[in-house]
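Worksheet for the structure shown next.
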Amino acid sequence: MHADIVVLPGDGIGPEVTAATVEVLQAVAHRFGHHFTLHEHLIGGAAIDATGQPLPDATLAAARDADAVLLGAVGGPKWSAPEAPVRPEQGLLAIRKALGLYANLRPVRPHAAAAGASPIKSHLLAGVDLLVVRELTGGIYFGDKTRSETQATDLCRYSVEEVERVVRRACLLARGRRGHVTSVDKANVLETSRLWREVATRVVRDEFPDITLEHQLVDSMAMHLLAKPRAYDVIVTENMFGDILTDEASMLAGSLGLLPSASLGEGCVGMYEPIHGSAPDIAGRGIANPVGTILSAALLLRYSLGLSQEAACIEQAVDAVLDAGVFTADLAPHDAARSTREATDAIVQQLALASEQAA
Ligand code: IPM
Ligand code: MN
């Protein structure tokens, strides 16, 4: 097949992890006889430097026309001064909103070989397989903000429709898994959470009688996620709770650098990005973990291009490389750590094996 993919490297380690992932995508194309056209565009701090805007019109137009978007990361100290008129993160939020990508899927499947890197006891990690569905275009991230000398406000707002559609998406995904959905809110304090809980309850009762729904308050969820992670299947939650809980959940896997994400709307166009940030402290050193972005490319193949076999090949290749103990610096002690280059080469090599088996 032929597909147009827009690549948004962004800032910090973004360009390094997207470059690694483009190599993997080209290797997949070569192995399976596809043709992927990859166009790079500016976003974030890099876009501010070049154009003054965190999301230039040309970038958004290209993303709208593409079959899928692959993003690295945005942000960095260079653009973070409190008085900065524009911020890299605005570009990311704006593209999520403009493309209508309201459901952010963040799968967490700890890999046995990386269990040693997790601060959680390994007997708690065996069999953990959860999917966080984070609402991505609403809530406190997008509400009106005010600022004066003496105070600031951020409005948290959710409509019934915004909750319905993300809960439906979570339920549909749960149907292909273990049929269990945990909805996370703060209904004992927040009005938006009371709405969220009511809507989630009704959607599941009326439309998904086959799904088991459980409600959790976000504070106790933060604890349960580490104490009994195996108990969860699909977790659906609002934007900021999902942001926080998935950084926490990455510790089940051993590193923030391992986790991919898919941001989906109603159409096929999706945006795929690792859950980690731009890591300015290690940028440009060739040591970033490319796995979160490479696994995001696997999600891209599966969800936007319908290439599930190719997606599975990438996932198997990553598994094999981690099994072989090829770890970047986030997972291994300094003297044993492999570079981004070495990890990428190992994955591309494994891909050749995996695709031969698939053929
Ligand atoms: C994420 C990031 C972003 C978010 C930032 C960079 C705006 O933390 O994708 O998790 O908060 O959504
Ligand atoms: Mn985050």
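Before anything else, pin down the relative contact order of the stretch 119-253: Cα pairs under 8 Å, at least 6 apart, normalised by residue count, whole percent.
Relative contact order for the stretch 119-253 comes out at 39 percent.
Report, to two decimal places, the Cα Rg of the chain normalised by 2.2 N^0.38 Å (N = number of residues).
0.96
Quick one: among His215, His123, His39, which has the greatest mean-square fluctuation in a GNM of the chain with alpha-carbon springs under 10 angstrom?
Most flexible of the set in this elastic network: His123.
Ordered by residue, what ³J(HN,Hα) values in Hz, to whole numbers, does the stretch 108-125 give under the Karplus form 6.51 cos²θ - 1.76 cosθ + 1.60, where θ = phi - 60° and Gly and Pro are x?
10, 10, x, 9, 3, 5, 9, 4, x, 7, 7, x, 8, 4, 5, 5, 7, 8
How charged is the neighbourhood of Gly100? Take every other residue with its Cβ under 12 Å from the Cβ of Gly100, and add Lys/Arg as +1 and Asp/Glu as -1.
+2
Per residue, how much accessible surface does the stretch 1-128 expose to a 1.4 Å probe? Answer in Å², no decimals.
Result: 42 Å² of accessible area for each residue.
Along the charge dipole of the chain, which of Pro260, Val234, Pro85 sits closest to the positive end, that is, farthest toward it, with unit charges on the beta carbon of Lys, Arg, Asp and Glu (+1, +1, -1, -1)?
Checking the options against the dipole of the chain, the answer is Val234.
Compute log10 of I(q)/I(0) for the stretch 74-228 with the Debye formula, placing one identical point scatterer on every Cα and leaving out solvent, at q = 0.20 Å⁻¹, to two decimals.
For the stretch 74-228, the Cα-only Debye profile gives -1.31.
Sequence-distant or interchain residues sharing an amide H contact under 5 Å with Val7, placed H: which?
His39, Glu40, His41, Leu70
For the stretch 263-276, take each phi angle, set θ = phi - 60°, evaluate the Karplus expression 6.51 cos²θ - 1.76 cosθ + 1.60, and give the result in whole Hz per residue in order, putting x for glycine and proline.
Once rounded to whole Hz, the list reads 10, 10, x, 7, x, 8, 4, x, 10, 10, 8, x, 7, 6.
Can you list the HN-Hα couplings for the stretch 62-72, worked out from phi with the Karplus curve (6.51, -1.76, 1.60; θ = phi - 60°), rounded to whole Hz and with x for Gly and Pro?
These are the phi-based 3J(HN,Hα) values: 5, 5, 4, 7, 7, 7, 6, 10, 10, 10, x Hz.
What longest region of the chain stays clear of GluC sites (Glu not before Pro) that DSSP places outside H, G, I, E and B and that have at most 16 other Cβ atoms within 10 Å?
Longest run free of exposed loop sites: 150-265.
Can you give the calculated 222 nm mean residue ellipticity of the chain, where each DSSP H run of n ≥ 4 adds -39,500 (n - 2.57) and the sum is split over every residue, rounded to the nearest 500 deg cm²/dmol?
Taken over the chain, the calculation gives -14000 deg cm²/dmol.
Would you tally the net charge around Ala29, using a Cβ to Cβ cut-off of less than 14 Å, leaving Ala29 out, and scoring K and R as +1, D and E as -1?
-3
If you place +1 on the Cβ of every Lys and Arg, -1 on the Cβ of every Asp and Glu, and leave all else neutral, what size is the dipole of the chain about its Cα centre, to the nearest 20 Debye?
620 debye
Within 10 Å, Cβ to Cβ, of Pro280, how many net charges do the neighbouring residues add up to if Lys/Arg are +1 and Asp/Glu are -1?
The answer is -1.
The values are calculated or read from the model by the stated rules, or taken from the named source; none is laboratory data. Predicted, not measured: the structure shown is a model, and the values here were computed from it. Quick reminder, even Gly has a Cβ in these numbers, built from the backbone with ideal geometry, and neighbours come from all protein chains shown. Heads up: the accessible areas ignore ligands, DNA and RNA and are worked out on the full protein's heavy atoms, side chains in. Shrake-Rupley method; radii C 1.70, N 1.55, O 1.52, S 1.80 Å.
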